[in-house]
Amino acid sequence: MINWETLITFTYPHEAHMAKLFLESEGIETMMLDEKTIQVKNFLSNALGGVKLLVQKEDYERGIETLKRGGYIREEGYKEEEVRIVYVDKSHDDTYCPFCKSDNIAKKRGIKILTAIIYFLLGIMIPIFKIKYLCYDCGKEWKYRKARKQALATP
Ligand SMILES: [Zn+2]
């Protein structure tokens with residue numbers, strides 16, 4: 001562990017996996033920490049400081065450059081994900097990405113803060129999820145919101 005340094009942290013394991021693959025495709029060796037714990041208890045992610053992606057010390061600078069190139073890091077810190085709102089009517093098909101039509105998508109269950117509070121107070125899990133979608137092909141994230149008729153025209 002002496003030669004390893006945390007390069008970047010993520011809230012969700014799948015984000016860390018995408019960055020890991022990207023770094024490794026550039027020939028940078030990586031290691032992941034706290035992935036399994038967070039996979040089981042997503043809401044602990046913040047408490048644990050997220051899923052950590054580590055690189056060897058000598059790869060650190062190159063790792064940062066690579067992540068900047070890949071859009072994982074912006075000037076002031078790492079990338080804040082942009083979640084788009086997609087307005088739909090009742091009959092929408094949520095098995096496809098509304099942007100690139102790929103079906104290589106995932107539902108992300110972000111757990112609301114209320115769920116976490118109930119868990120810490122009572123020790124029981126009452127999941128109150130807000131569902132986000134992620135497309136592995138175009139990398140976009142979105143939420144669906146029911147549209148009133150006049151809002152449907154807005155992309
Ligand atoms: Zn897509």
Rank-order 47-59, 8-20, 91-103, 24-36 by packing density, defined as the average count of other C-beta atoms within 10 Å over each peptide's residues, highest first.
8-20, 47-59, 24-36, 91-103
Enter the per residue convex hull volume of region 4-78, computed from alpha-carbon coordinates, in Å³ rounded to the nearest integer.
80 Å³
Cut-off under 29 Å on the C-alpha distance; same-chain residues fewer than 8 positions from LYS90 excluded. Which lysines are left, in chain and number order?
LYS101, LYS107, LYS108, LYS112, LYS130, LYS132, LYS140, LYS143, LYS146, LYS149
Which FRET efficiency value, to the nearest 0.05, do you get for ILE124 and LYS36 by plugging their Cβ-Cβ distance into 1/(1 + (r/R0)^6) with R0 = 25 Å?
0.65
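Can you tell me, using C-alpha contacts under 8 Å and at least 6 residues apart, the relative contact order of region 1-54 as a whole percent?
About 52 percent, as a whole number.
Taken together, the values in this text are just the output of simple stated rules run on the coordinates, not laboratory data. Worth saying up front: this structure is predicted, and the values here are computed from it rather than measured. Ideal geometry is used to build each Cβ from the backbone, glycine not excepted, and the neighbour counts take in all protein chains shown.
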